[in-house]
Amino acid sequence: EAGVAQSPRYKIIEKRQSVAFWCNPISGHATLYWYQQILGQGPKLLIQFQNNGVVDDSQLPKDRFSAERLKGVDSTLKIQPAKLEDSAVYLCASSLGDRDREKLFFGSGTQLSVL
Amino acid sequence: DQQVKQNSPSLSVQEGRISILNCDYTNSMFDYFLWYKKYPAEGPTFLISISSIKDKNEDGRFTVFLNKSAKHLSLHIVPSQPGDSAVYFCAAFGTGTASKLTFGTGTRLQVTL
């Protein structure tokens, strides 16, 4: 079974530039999550999708971050414009359902450095 | 507001000995607790969990203990192996305002030969 795919693996940009991350969840997984992990901290939920609808985006900085999950499969997370404090690993995860926290499968993440 | 805390950023244990990783939480609405393991350049993977109706759950070399009155849980690894060297995250969720899976800051375990 293929895992959660994310790209790119690394991205270096200057502040005020834009960046986008892509995630392909495990086939059949209805729930998709984007997490931000800043160095020395645990992953923090940015947004949760159930199919192509947003379940929770309360911690997403909506003035600069946006995410979409077209057709309930792949998802993209965008930052525009980026700030220095956005430097982090962005993790995508998926699960069969909303309550399947044990069955949360993470991708390898995209490491973003904002200079 | 750190609702899930792992106060030890790192831990070093000899191979064959017991590793004990600790986690404290503040939100009394949490009713399910999980441990994730993370190797460098990989995403976290689920290790073991415990519901608040239990005080112990065991899976092979891994045991999680929950003390609800102290809002404390611990992960025991016996015996520790070099392949256990990783970062371990404690996580919790519940209902209502605690429905979001909340992670601790992680403990880096190094198992030495």
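Details
- Loop-located chymotrypsin sites (Phe, Trp or Tyr not before Pro) in segment A:1-80, at most 14 other Cβ atoms within 10 Å (DSSP): none
- Taking only protein heavy atoms and a 1.4 Å probe, the accessible area of segment A:1-108 is 51% carbon and sulfur.
- Remark: segment B:45-54, residue by residue, has Karplus-estimated 3J(HN,Hα) of 10, 5, 10, 7, 9, 8, 8, 5, 7, 10 Hz, where x stands for each Gly or Pro and the curve is 6.51 cos²θ - 1.76 cosθ + 1.60 at θ = phi - 60°.
- Shielding by other protein chains, A:103-114, mean Cβ within 10 Å: 3
- Protein-protein interface of segment A:22-57, residues with accessible area decrease of at least 40 Å², isolated chain reference, 1.4 Å probe: A:Pro43
- Legend: P(r) of chain A from all alpha carbon pair distances, 5 Å bins from 0, whole percents, reading 2, 13, 24, 26, 19, 10, 4, 1.
- For segment B:29-94, the per residue solvent-accessible surface stands at 41 Å², with DNA, RNA and ligands left out and a 1.4 Å probe.
- Listing of segment B:79-113 residues, each with accessible area lower by at least 20 Å² in the full protein assembly than in the chain alone (probe 1.4 Å): B:Phe89, B:Phe93, B:Ser99, B:Lys100, B:Leu101, B:Phe103, B:Thr105
- For A:Tyr35, residues with placed amide H under 5 Å, excluding near neighbours: A:Leu46, A:Leu91, A:Cys92, A:Ala93
- Taking both sides together, the accessible area buried where A meets B is about 1500 Å² for a 1.4 Å probe.
- Other-chain or far-sequence residues with amide H under 5 Å of B:Arg108's (modelled H): B:Ser10, B:Leu11, B:Tyr88
- Portion, in percent, of the accessible area of segment B:12-78 that falls on carbon or sulfur, probe 1.4 Å: 49 percent
- Neighbouring Cβ atoms from other chains, within 10 Å of the Cβ of residues in A:86-93, number 1 on average.
- Among residues other than B:Asp55 with Cβ under 14 Å from its Cβ, the summed charge is +2 (Lys and Arg +1, Asp and Glu -1).
- Backbone geometry of segment B:24-41 corresponds, through the Karplus equation with coefficients 6.51, -1.76 and 1.60 at θ = phi - 60°, to 3J(HN,Hα) couplings of 10, 9, 10, 7, 6, 7, 5, 10, 8, 10, 9, 10, 10, 10, 9, 8, x, 6 Hz, x marking Gly and Pro.
- Couplings 3J(HN,Hα) for segment A:82-93, derived from phi with the Karplus relation 6.51 cos²θ - 1.76 cosθ + 1.60 (θ = phi - 60°), are 7, 10, 4, 6, 7, 4, 5, 9, 9, 9, 9, 9 Hz, where x marks Gly and Pro.
The values are calculated or read from the model by the stated rules, or taken from the named source; none is laboratory data. Only a predicted model underlies this, so the values are computations on that prediction, with no experimental measurement involved. Backbone-built Cβ (ideal geometry, glycine too); neighbour counts: all protein chains shown. Calculation scope for accessible area: heavy atoms of the full protein, side chains included, ligands and nucleic acids excluded. Shrake-Rupley method; radii C 1.70, N 1.55, O 1.52, S 1.80 Å.
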